[in-house]
Amino acid sequence: MEKYTRCFADLRFVVAAEVAEFHVDYFIYDIAGFTEDNLPLLQKKDATFYPDPVESMEDAEVFLHGFVKWDGCSNWHFDEQDRLMIHGCGRADIQRIGDIMAACWDWTAEILPNWDT
C-alpha cells in the first residue's frame, strides 16, 4: 500500500493518503499553526485545550477521514464531530471543509491507478 502526505496550507489541513487497489483512504488533520520554518503544527490527540500543537500526525487528532473509490463515490466521517461540534468563525472556515474533501477527490485521480471516471 502506497502512502502519501500533502500539506494544503491554503486550506489549513494536512492529509495522509493510503492507496489501495480500488480506493484511497484519507486522514485529514487540522492545522493549528506553523513552526518558524513554516512546517504545519497539528492539534494534539486527546488535548484538553486548543491550541495544543504537535508536529507529528501520530500524536495528532484526525479531523475527518474517509475514502474515495475508483468510480468517484466517496464516504466521509467527521471525527471532530465525535468530540464536539464543528466550529467555524466565519464562512471561510465552513468552506474549507468542503474544499479539502474536494481536493482529496481530485487527488485520487492522480494517485489511484484504477481511477475510472
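Structure data summary
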| read-out | value |
| --- | --- |
| Degrees between helix 91-111 axis and first principal axis of the chain (Cα, 0 to 90, nearest 10) | 40 |
| Isotropic mean projected area of the C-alpha convex hull, the range 2-111 (nm²) | 7.2 |
| Extended-chain gain in nm, criterion 0.36 nm per residue less alpha-carbon gap, His87 and Glu55 | 9.3 nm |
| Length added when fully stretched, Ala20-Phe34, from 0.36 nm per residue minus Cα-Cα | 2.0 nm |
| Cα lying deepest toward the dipole's positive end in the chain, options Trp107, Phe27, Gln95, charges on Cβ | Gln95 |
| The chain - charge dipole about Cα centre, Lys and Arg +1 at Cβ, Asp and Glu -1, debye rounded to 20 | 300 |
| Residues whose placed amide H lies under 5 Å from that of Phe13, excluding near-sequence neighbours | Phe8, Ile31 |
| Among Arg91, Arg83, Arg12: highest mean-square fluctuation, GNM of the chain, C-alpha pairs under 10 Å | Arg91 |
| Listed residues Glu55, Glu36, Glu18, most fluctuating in the chain (Gaussian network, C-alpha, under 10 Å) | Glu36 |
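A short reminder: the numbers here are calculations on the coordinates, not readings from a lab. Remember, it's a predicted structure, so these values are computed and weren't measured experimentally. In this analysis, Cβ positions are derived from the backbone assuming ideal geometry, glycine residues included, and neighbour counts consider all displayed protein chains.
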